[in-house]
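Below: the structure, in C-alpha cells.
No value in this document is a laboratory result; all are computed from the given coordinates. The shown structure was predicted, so the numbers you read here are calculated from the model rather than taken from an experiment. Using ideal geometry, Cβ is built from the backbone for each residue, glycine included, and neighbour counts are taken over all protein chains shown.
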Amino acid sequence: MSNTEEKNLPHGEPEIDELTNDRYLGGHEYDGIRELDNKLPQWWLYLFYVTIIFSLVYLVGYHLADWWPLQEKEYTNEMTAMADIKKAMPQIEVDLENMVPLTAETDLAAGQEIFNKICVTCHGKFGEGLVGPNMTDMYWIHGDSTNNRVSMKELYNVVITGVITKGMISYKDQLSPIQIQQVLSFILTFQGTNPANQKAPQGRKYDTFG
Ligand code: HEC
C-alpha cells in the first residue's frame with residue numbers, strides 16, 4: 001500500500017495517482033479527499049462540441065440571418081397563408097331566407113351519413129331524442145313563434161351557433177352549408193314516424209313548416 005508521503009513529490013512535478021494514472025488537481029483537497037484531473041470521455045467531448053456548433057447555427061439562423069422564422073413569425077405566416085386560401089375560395093352564398101329541405105335521394109343519403117356519424121349520439125338513431133330533443137314530432141324549441149312556423153333558417157342557425165348551455169356545440173367548422181342543409185333535410189324525414197322510446201315533446205307545437 002502506498003501512503004500520502006510517497007505521493008508528495010519534492011520538485012512540484014504533478015502527482016500521479018498510481019491506480020488510474022491520472023494527475024491530481026492542486027488545491028482541491030477537502031478532508032483528505034483529493035480530486036483527480038480525469039480526462040473527459042471522447043464521446044462526451046464531441047457531444048459538447050456539437051452543442052456548441054448547434055447553438056451557433058441556431059443563433060445565426062434564427063436570430064441574426066433569419067434563415068428560419070421564429071415561432072411567432074411562423075404563426076403569422078400561416079395565418080396569412082390561410083387568409084389567402086380563404087380569399088381564393090369561392091364564397092358560398094347561403095340564402096337562408098329561401099332555404100328549403102332537399103329531397104333528392106343522394107342528398108338525404110348524405111344527410112343520413114352525417115346524422116349517423118355526428119348527431120345520433122344526442123338525437124337518437126330514429127330521431128326519437130336522447131340528450132337532444134325528439135325530431136319526430138311537431139314540437140320544436142327553435143321555431144319562429146312570431147310567424148308560427150319552423151323553417152330551415154331557424155334549424156340551420158341552431159347547427160351553426162350550437163346551444164352550448166344545453167350541450168350542443170356549433171358545427172360551423174365541421175360541416176359545410178350544403179352538408180348542414182343535407183343533414184337537416186334528413187332530420188325532417190323523421191317527422192311523424194312515431195318511433196319507440198320517444199322523448200316527450202319539447203318546445204311548442206308548430207303546424208307549418210317552411
Ligand atoms: C352533444 C349532444 C348533441 C349533438 C351531438 C347534436 N345535438 Fe342537436 N341538440 C342538442 C340539444 C341538447 C338540443 C336542444 C337545444 C335547446 O334546448 O335549445 C339540440 C337541438 C337541435 C335542433 C333544434 C331542435 C328544436 O327542437 O328546435 C336541431 C335542428 C339540431 N339539434 C340538429 C343537430 C344536428 C344536425 C346535429 C349533428 C350535426 C346535432 N344536432 C348534434 C344536442 C346535440
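Descriptive notes on the structure:
- For beta carbons closer than 9 Å, sequence separation of 6+ or different chains, a first residue in region 142-171 that is over 13 Å from Thr208 (Cβ atoms) and without any contact (Cβ under 8 Å) to a residue 12 or more places away in the chain and a second that is near the ligand (Cβ under 7 Å from one of its atoms) and in a helix (DSSP H, G or I), the qualifying pairs are Ser170/Val159.
- Filtered residues of region 118-140 (kept if of a type in the set (A, V, I, L, M) and either assigned to a strand (DSSP E or B) or under 12 Å from Phe186 (Cβ atoms) (or both)): Ile118, Val120, Met135
- Looking across region 155-176, the residues that are surrounded by 17 or more Cβ atoms within 10 Å (Cβ to Cβ) and either part of a helix (DSSP H, G or I) or more than 9 Å from the ligand (Cβ to nearest atom) (or both) come down to Leu155, Tyr156, Val158, Val159.
- Taking region 77-97 as the range and being surrounded by 11 or more Cβ atoms within 10 Å (Cβ to Cβ) and in a helix (DSSP H, G or I) as the test, the residues that pass are Asn77, Glu78.
- Assessment of region 176-191 against the conditions (without any contact (Cβ under 8 Å) to a residue 60 or more places away in the chain and more than 23 Å from Glu97 (Cα to Cα)) yields no matching residue.
- Among the residues of region 177-199, those that are farther than 17 Å from His142 by Cα and outside any helix (DSSP H, G or I) comprise Thr189, Gly192, Thr193, Asn194, Pro195, Ala196, Asn197, Gln198.
- Region 98-127, residues that are in contact with a Ser or Thr (Cβ under 8 Å, 6 or more places away or on another chain) and either among the basic types (Lys, Arg) or surrounded by 11 or more Cβ atoms within 10 Å (Cβ to Cβ) (or both): Met99, Pro101, Leu102, Asp107, Leu108, Gly111, Phe126, Gly127
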